[in-house]
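The values are calculated or read from the model by the stated rules, or taken from the named source; none is laboratory data. Since this is a predicted model, take the numbers as computed values, not measurements. Positions of Cβ are backbone-derived with ideal geometry, glycine not excepted, and every protein chain shown enters the neighbour counts. SASA here: full protein model, heavy atoms, side chains in, ligands and nucleic acids out. Shrake-Rupley method; radii C 1.70, N 1.55, O 1.52, S 1.80 Å.
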Amino acid sequence: QVRLVESGGGMVQAGGTLRLSCAASGRTFSTLSMCWFRQAPGKEREFVVGINWTGSRSDDADSVKGRFTISRDNDKNTVYLQMNILKPEETAGYYCAASKRLGVQARISDYDYWGQGIQVTVST
């Protein structure tokens, strides 16, 4: 079993930055691929960005390319999401997820463990 705990959310003005963290426990973190999803009210949960178990490869949604960056520190069992130039439409709950598959995954069904989510609100 893996426990994931997100932190760093909050409110920011449009164009601002936030950095989310996700701390993992319960299983060797370095064997898990990690990602961030988000879900806005009334919308489906969507893939944002993912990273493989070594941190050597990542993938991100077209909507966040060039603005969001995922990274991981396997010594600290933590994955990060740096979000720059945030937009109001990116207001959502952001969820950290872990997969036992080694590559970067983009489907919800590929993820085995989920955090409780953290709110990000981008104001105009």
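Might you check whether a residue that is among the charged types (D, E, K, R), exposed (fewer than 13 other Cβ atoms within 10 Å of the Cβ), modelled with pLDDT of 95 or more and at negative phi occurs anywhere in the range 33-52? Taking every residue of the range 33-52 in turn, at least one turns out to be among the charged types (D, E, K, R), exposed (fewer than 13 other Cβ atoms within 10 Å of the Cβ), modelled with pLDDT of 95 or more and at negative phi. Among the conditions (1) under 12 Å from the mean Cα position of the chain (by Cα); (2) more than 18 Å from Thr121 (Cα to Cα); (3) without any contact (Cβ under 8 Å) to a residue 40 or more places away in the chain, Glu46 misses just one, which is (2).
Looking only at the range 18-30, decide whether some residue is in contact with a Gly (Cβ under 7 Å, 6 or more places away or on another chain) and open to solvent by 40 Å² or more (accessible area, probe 1.4 Å). Looking through the range 18-30, at least one residue is in contact with a Gly (Cβ under 7 Å, 6 or more places away or on another chain) and open to solvent by 40 Å² or more (accessible area, probe 1.4 Å).
Of everything in the range 90-115 that's part of a helix (DSSP H, G or I) and in contact (Cβ under 8 Å) with a residue 40 or more places away in the chain, which residue is most open to solvent (accessible area, probe 1.4 Å)? Filtering first and then ranking leaves Ile108. The listed residues are Arg38, Arg3, Arg27, and the only one of them that is of a type outside the set (A, V, I, L, M) and within 12 Å of Ala92 (Cβ to Cβ) turns out to be Arg38.
Is the range 56-70 home to any residue that is closer than 18 Å to Glu6 by Cα and part of a helix (DSSP H, G or I)? No, the conditions are met nowhere in the range 56-70.
Scanning the range 1-17 for residues that are loosely packed, with under 13 Cβ neighbours inside 10 Å and at pLDDT 95 or above returns Gly10, Met11, Gln13, Gly15, Thr17. Considering the range 61-72, and only residues there that are closer than 19 Å to Gly9 by Cβ and of a type outside the set (Lys, Arg), the residue that is surrounded by the fewest Cβ atoms within 10 Å (Cβ to Cβ) turns out to be Ser63.
Counting only strands (runs of 3 or more DSSP E) that sit wholly inside the range 1-45, those with at least 2 residues that are closer than 15 Å to Asn84 by Cβ are 10-13, 18-25.
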